[in-house]
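In what follows, a single structure is set out as structure tokens and then discussed.
The values are calculated or read from the model by the stated rules, or taken from the named source; none is laboratory data. Note that this is a predicted model, so its numbers are computed, not measured. Cβ placement follows ideal geometry from the backbone for every residue including glycine, while neighbour counts extend to all protein chains displayed.
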Amino acid sequence: MVERTVITAALPYANGNIHIGHLLEYIQADIYARFLKLKGEHAIYICASDMHGTPIEVKASAAGIPPESFVEQFWIEHKKDFASFLINFDNYYKTHSPENKELAEHFFETLKSKGFIYRKSIKVIYCDHCQRSLPDRFVKGTCPHCQAEEQYGDICEKCSTILKGFDLVDPHCVICNSTPRQKDSEHYFFKLSEFSKKLSSWINDPASFLQPEIKNWLNEWIKNGLDDWCISRDAPYFGFTIPHSREETGEEKFFYVWLDAPIGYISSTKNWCDQQGTEWQKYWLEGNVYHFIGKDIVYFHYLFWPAMFMAMGYPLPKLTTHGFITVNGTKMSKSRGTFFTAKDFLKDYSAEALRFYYASHLDRKLVDIDLNLADFQAVTNNVLMGNLGNFCYRTLTFAEKNYGLIQDVAENLELRDDILALVNNALEYYQQMDFKMAAKSILKIADLGNAYFQQAEPWKNKESARSDVGLCIGITKILAILVSPILPEFSLKIYHALGLENPSAADLNFTFSGKLNKPELLVQKIEELNTNPAVEKNESREKVIEDENTFPVQMKVGQIVKIEDHPQADKLYVLQVDFGKETKQVVAGLKENFTPVQLKDKIAVFCTNLKPAKLRGELSEAMSLIADDGENLAFLNPGVKKLGEEVTFKGMKNSREIITYDQFAKIKMIVKEGLVFYNQRHLQGVSVQGVKDGARIS
């Protein structure tokens, strides 16, 4: 009977870019999946985009597009980002899918029929201003336990206490910043409290595969008592409706995202199995399941998810939890130049350099990993390139250039025994998910190879050293196979040079004979560090500083004092705008919506730090800020503010740095209730009339 294994990484939320903090987990799981496949095991690496929930519904509404379209664009982008870092999913699917709907309903109906789901009326948080119920992540306030401020309503990030939104002191809506109220609503609950003893037994069972730090957290949570879990949400919500909820509660209810999201692991497996003509049950009910997750979602994966499995009668998965990524010792920050999206990182560094750095720090200890950029450069250049890469490339180039064909391999039994012992160590470390020690064992093999090559001095007598170089080629083959879970492209280049196709762990030996091909460069050296990944190297004066207190756009009040037709464009005006102490020319595409009479003497808000550009031959030195809902346009009304006066979002200052139009276009400002919002902060003293809520500022 074939033993099947499923490896998963947490489902990334489809509302933002993949960054290097995310990548740690997907690389970690990818290394383990590649290792199992290298051993010849039947393993599949499964993932999907997490597409449901209020944040997506709100953001899609603000963007003026259907949530299905909103999440689809991130699904496509995420797949590209993962592929660029050589993360090789067998299936990367989506939670907004027929399979996930089917399985979410199957779980719900099964648990309900077993008596593990019930209904009760509860207090929910309701925002009168937004006219909607607020999920816990859309309420912020002070933690009642440790008094930490600005905590979400589901869990305190400081003391890790599980909260309800109404537990918070001085709560506020994160959408509009107003104070919400409590409201009665009937919801569905899963009887999590009934599984406390079973969960405790599993957590403290040595065979459970749990990390010690995780056990301590979980035992403390169980000791304090587990509450039953609310698994439904009120409209508006993007997700699956709960069958018969309208008849049972009087209102249509939706599955809470944390119910259907983890089921997405299974539905993605089902999607893959359907394509392969097999059954997902063979993997989830009869095989092994390994989850890799971050410590921020421990509660859901170690309590809710296993309790649901216990209730369904499914075998429990094995979980490995990693810490967070810091850069240069601190949380990633755009203003400090330490925030890298996946795309940003690849502009300056290679994917395999990051894979190697992460692997060199990864074991099953729950500690944060610091990506110190100077250390990253040193590890890449001195270890990955100077040790491992240098030995393999040096051996391959010398052998191909001087022999072209390997026929003899030296019999050095002591060296062979030492290397094979290290090979076995590395394989065992891989199995234990201690990639740090696996990498160290691999580097020790490279050290032995380098020392042997240097001692043989083949450049002095090429003919007598043929077998010595042959042995070094055998070591290179072993290194390529052994490091392939971490550095798949590095290994493929060596396979090509050796004429090998798909070697496996069974080929971890010194045997090699045959023709050599010219090797490619194996490692890319880091010549210099880019201290601000969000900025192109040749545009350092045009960076956008976008930290929590600085808005990228400089916005000033101006008055249109002169309007002319653009001499070379039918749809453009050339405007002269008075900013009090100076006048700037603005080329604007407003001709189809506004007459010169409507524009004359108009006082409005303008972007004044946009890089000057010629539009059809006419210089434009600023840009009018216009609200656009797809049907109507409207200027921003600055009220009583003076010409040249800046307008700012609450709690923020405007940037003085020059920005390009492409950079401006990525900034999302929306209209709600006649006000302009950016990241839940409103533009002070400015109003907008004549456009619908959700209108974008462009």
Practice task
Answer yes or no: is there a residue in region 585-602 that is in the same structural domain as Gln689 (by TED's automatic domain parsing), aliphatic (A, V, I, L, M) and over 42 Å from the mean Cα position of the chain (by Cα).
Solution key: yes
Problem - When residues of region 36-74 are limited to those that are among the aromatic types (Phe, Trp, Tyr) and more than 27 Å from Arg4 (Cα to Cα), the one nearest to the chain's Cα centre (by Cα) - result: Phe74
Practice task
Could you tell me which of the residues Thr179, Thr142, Thr110 is modelled with pLDDT of 85 or more, of a type in the set (Ser, Thr, Tyr) and not assigned by TED's automatic domain parsing to the domain that holds Ile242?
Solution key: Thr110
Practice task
Considering only region 143-181, state which residues are free of Cβ contacts under 8 Å to residues at least 40 places away in the same chain, surrounded by 17 or more Cβ atoms within 10 Å (Cβ to Cβ) and not in a loop (DSSP other than H, G, I, E, B).
Solution key: Gln151, Tyr152, Asp167, His172
Handout entry: Conditions (1) surrounded by fewer than 17 Cβ atoms within 10 Å (Cβ to Cβ); (2) among the small types (Gly, Ala, Ser); (3) modelled with pLDDT under 95: number failed by Ala62
Key = (1)
Problem - Among residues of region 80-124, those that are of a type outside the set (Phe, Trp, Tyr), within 29 Å of the chain's Cα centre (by Cα) and in a strand (DSSP E or B), counted - result: 2
Exercise for the section: Answer yes if at least one residue in region 245-264 is under 23 Å from the mean Cα position of the chain (by Cα) and of a type in the set (Asp, Glu), and no otherwise. Expected result: yes
Handout entry: Residue, nearest to Lys140 (Cα to Cα), within region 651-689, restricted to residues that are assigned to a loop (DSSP other than H, G, I, E, B) and free of Cβ contacts under 8 Å to residues at least 60 places away in the same chain
Key = Asn679
Practice task
Would you confirm whether any residue within region 71-79 is within 29 Å of Val174 (Cα to Cα), out of contact with any strand residue (DSSP E or B) (no Cβ under 8 Å at 6 or more places or on another chain), part of a loop (DSSP other than H, G, I, E, B) and modelled with pLDDT under 95?
Solution key: no
Practice task
Could you check how many residues of region 356-374 are farther than 21 Å from Lys295 by Cβ and either basic (Lys, Arg) or at pLDDT 95 or above (or both)?
Solution key: 1
Exercise for the section: Could you tell me which residue of region 236-245 is surrounded by the fewest Cβ atoms within 10 Å (Cβ to Cβ), considering only residues that are more than 16 Å from Ser121 (Cβ to Cβ) and free of Cβ contacts under 8 Å to residues at least 60 places away in the same chain? Expected result: His244
Practice task
Please verify whether region 372-384 includes one or more residues that are on the phi < 0 side of the Ramachandran plot, in contact (Cβ under 8 Å) with a residue 24 or more places away in the chain, outside any helix (DSSP H, G or I) and surrounded by fewer than 19 Cβ atoms within 10 Å (Cβ to Cβ).
Solution key: yes
Problem - Candidates Lys215, Lys223, filtered to the one that is surrounded by fewer than 17 Cβ atoms within 10 Å (Cβ to Cβ), modelled with pLDDT under 95 and under 27 Å from the mean Cα position of the chain (by Cα) - result: Lys215
Handout entry: Members of region 310-322 found to be touching a Leu at 6+ places or on another chain (Cβ under 8 Å) and surrounded by 19 or more Cβ atoms within 10 Å (Cβ to Cβ), listed by number
Key = Ala311, Leu319, Thr321, His322
Completion exercise
Quick count over region 584-630, residues being in contact (Cβ under 8 Å) with a residue 60 or more places away in the chain and of a type in the set (D, E, K, R), is 3
Exercise for the section: Grab the strands (runs of 3 or more DSSP E) fully contained in region 559-632, keeping just those with 2 or more residues being in contact with a Leu (Cβ under 8 Å, 6 or more places away or on another chain), closer than 24 Å to Ile667 by Cβ and among the β-branched types (Val, Ile, Thr). Expected result: 583-588, 603-607
Handout entry: Complete set of residues in region 345-359 that are surrounded by fewer than 20 Cβ atoms within 10 Å (Cβ to Cβ) and over 17 Å from Asn530 (Cα atoms)
Key = none
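One line per residue, one yes/no per condition, for (1) assigned to a helix (DSSP H, G or I); (2) touching a residue at least 24 places away in the same chain (Cβ under 8 Å); (3) among the aromatic types (Phe, Trp, Tyr):
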| position | (1), (2), (3) |
| --- | --- |
| Thr5 | no, yes, no |
| Leu11 | no, yes, no |
| Gly21 | yes, yes, no |
| Glu25 | yes, yes, no |
| Tyr32 | yes, yes, yes |
| Leu36 | yes, yes, no |
| Tyr45 | no, yes, yes |
| Ala60 | yes, yes, no |
Handout entry: Test for Phe391: is it surrounded by 18 or more Cβ atoms within 10 Å (Cβ to Cβ), in contact with a Gly (Cβ under 6 Å, 6 or more places away or on another chain) and in a helix (DSSP H, G or I)
Key = yes
Handout entry: Residue pairs meeting the criteria (Cβ under 6 Å; at least 6 apart or on separate chains; first within 30 Å of Val671 (Cβ to Cβ), in region 111-135; second crowded, with 20+ Cβ neighbours inside 10 Å and modelled with pLDDT of 95 or more)
Key = none
Exercise for the section: Please state which of the following conditions Gln680 fails to meet, knowing it meets all the rest: (1) at pLDDT below 85; (2) in contact with a helix residue (DSSP H, G or I) (Cβ under 6 Å, 6 or more places away or on another chain). Expected result: (2)
Practice task
For Ile670, state whether it is in the same structural domain as Leu572 (by TED's automatic domain parsing), over 27 Å from Cys127 (Cβ atoms), β-branched (Val, Ile, Thr) and surrounded by 16 or more Cβ atoms within 10 Å (Cβ to Cβ).
Solution key: no
Fill in the blank from the handout: His52: passes all of (1) in contact with a helix residue (DSSP H, G or I) (Cβ under 8 Å, 6 or more places away or on another chain); (2) farther than 30 Å from Ile242 by Cα; (3) in a loop (DSSP other than H, G, I, E, B) but (2)
